[in-house]
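The structure under discussion appears below in the form of structure tokens.
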Amino acid sequence: MANGHIDRADDDIVDRREIAQMAVEATSSGLSEGQAGTYAPEQSLPVACLLSMSGGFLDAFTWLSLGGVFANSQTGNVVFLGLYAASGQWHQAAHHFPPILAFLAGASAATFIRAPLLCLVGEIACLALVTLLLHRFAEPLPIVAISFGVALQTASFRQVERWKYLSVTVTGNMLRAIDQLAPAPDREALHGARTMLAICLMFLLGATVGGLVTTRLGASGLAVPIGLLASVLWFCCRYRGRRQS
């Protein structure tokens, strides 16, 4: 009889341990799933798409309006800087140097500030200033202002959901899409690839719209990227307001 009681007691202890372990596993699983599915508004796909569309627009705008320089694509500026320098066209080469410096300064400021929405306000202010005073600015102030503002945004918004991305280029995002599909793709990998390709398409759309609008409206066309950035700001603030309430 005593042995029977001892066996039942041991079984009860084992059962309790198993139940406790299952509860811990279920709780940790629930937390990880909740964390994986919850992202800050700054990391959402709609925000990444709007920022990328703005990036494509601004590259088209500055190329057409500001003498063939880029606000976003510092790779392009570096290439032209090297080409013109190699051929001895120092004046043309120097034209591509200010946006590179402005972009570095803006990215450094954003890294120091570490406040994405404040940096977004800074970019909107830079674009609004150029819109109002483009024809009164002496070169290279317009491209410096735009590149500085773009860098503030670019350095502050670098993640969409759980993936890294850039809103001012498509090359890196294309490579990330391929990386998702290179191994045996599962559902999450396919979602990541679609996310990166969607961002690339929005950049293309922004460049297309930027080319069309700039040729017709000139500096007034900057109202489009300002509107896109203001939409991002409104979306993020509204989402945060809901969470706090």
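Okay, here's what the table says:
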quantity	calculated
Relative contact order [Cα under 8 Å, 6+ residues apart], the stretch 161-245, whole percent	22 percent
Rh by Kirkwood over Cα pairs, then Stokes-Einstein D for the stretch 131-245 at 1.002 mPa s and 20 °C, µm²/s	129 µm²/s
Rule-of-thumb Rg ratio for the stretch 54-202 [Cα; 2.2 N^0.38 Å; N residues]	1.15
Tensor-based shape of the stretch 146-209 (alpha-carbon gyration tensor, a/c under 1.5 rounded, otherwise prolate or oblate)	prolate
Accessible surface of the stretch 77-160 [probe 1.4 Å, protein heavy atoms]: carbon and sulfur percent	71 percent
Rounded D (µm²/s) - the stretch 181-245, Kirkwood Rh over Cα pairs, Stokes-Einstein at 4 °C, 1.567 mPa s	88 µm²/s
Long-range amide H partners of GLN159 with built H, under 5 Å	TYR165
Surface per residue (accessible, 1.4 Å probe) for the stretch 135-185, Å²	52 Å²
The stretch 33-137: translational diffusion in µm²/s, Stokes-Einstein, Kirkwood Rh over Cα pairs, 4 °C, 1.567 mPa s	82 µm²/s
Ranked by how many other beta carbons lie within 10 Å on average, peptides 51-64, 218-231 from highest	51-64, 218-231
Per-q log10 I(q)/I(0), the stretch 56-107, q = 0.14, 0.22, 0.31 Å⁻¹ (Debye; single scatterer per alpha-carbon; no solvent)	-0.32, -0.75, -1.19
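The values are calculated or read from the model by the stated rules, or taken from the named source; none is laboratory data. Just so you know, these numbers come straight off a predicted model, no measurement behind them. A quick note on method: Cβ atoms are made from the backbone with ideal geometry, for glycine too, and the neighbour counts reach across all protein chains shown. SASA here: full protein model, heavy atoms, side chains in, ligands and nucleic acids out. Shrake-Rupley method; radii C 1.70, N 1.55, O 1.52, S 1.80 Å.
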